Amino acid sequence: MLVCKLKKYKIPMSNTENLPLQEQEPIQESSIEENMADTVASSDQTVTETELEKAVREAAEWKDKFMRLFAEFDNYKKRSFKEKMETIQTAGKEIILSMLEVIDDSERAEKQMETATDMQAVKDGMQLVFNKLKSTLTHKGLQSFDSIGHEFDVEKHEAITEIPAPTPDMEGKVIDQVQKGYLLNDKLIRHAKVVVGKTSND
C-alpha cells in the first residue's frame, strides 16, 4: 500500500530531460564562428593599417631625400656654370699679363729708334724683344714644328701648291714652308702652309 502511494507522488522530470537527444536545443556554434571571424578581421585590419602607415612614412622619407639631392644637384649645376663662365672670361688673362712686359719693351725700343744713330744697337734691341716674346709664348705651351723635308701629313700640313720634286727622294715631301704650324700644349692649333713636291706618277 505504501509503494502505491510513492508512485502516486512521483516528482515529474523537466520537459527537456524527457525529450529525446536528437530533439534537444543545439549549442549556438554559428555565433562562436561569427565572433572568431570578427576577431580575425579586426586583427587583419590592424596589421593592414600598420603596414600602410609604415609605407607612407618610408615614402615621405624617400621624397625628402630626393628633394635634397635635387636641390644639391641644381646648386652644383649653377655653380659649375658660373665657374665655367668665369674661366672663359678670364682664360687669356694670364697670357695677356705676361705679354704686357713684351709690349713695354717694344714701346721703349720704338722710342729709342726715333733718336738712335747706331742701327746695330737698334737691331740688337729688337732681337732681345723678339726673343723675350718667343720665350714667353713657349713658357705658356706654344711650340712650332718643322715641316721642310718631312712627309706631307694632312693632320699637320695644308698644301697651298705642288711643284715638281727637285730629287726623287723629295717626292711627296714638303719642299718649302710658307707659314709655320703651331702646337699649344701638344695640341695642333694651326696647320703649316707648305709646298709639296710632286711625284713622278703625277
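Rule-based calculations on the coordinates, nothing more; no lab input. Just so it is clear, the model here is predicted, and its values are computed rather than measured. Virtual Cβ from ideal backbone geometry, glycine too; neighbours counted across all protein chains shown.
Can you tell me which residue is farthest from Lys140 (Cα to Cα) among those in region 73-94 that are hydrophobic (A, V, I, L, M, F, W, C) and not in a loop (DSSP other than H, G, I, E, B)?
The qualifying residue farthest from Lys140 (Cα to Cα) is Phe73.
Out of everything in region 123-170 that is closer than 15 Å to Arg190 by Cβ and hydroxyl-bearing (Ser, Thr, Tyr), what residue ends up being surrounded by the fewest Cβ atoms within 10 Å (Cβ to Cβ)?
Out of the qualifying residues, it is Ser144.
Going through region 117-168 one residue at a time, which ones are aromatic (Phe, Trp, Tyr) and either in contact (Cβ under 8 Å) with a residue 60 or more places away in the chain or not in a helix (DSSP H, G or I) (or both)?
Selection gives Phe145, Phe152.
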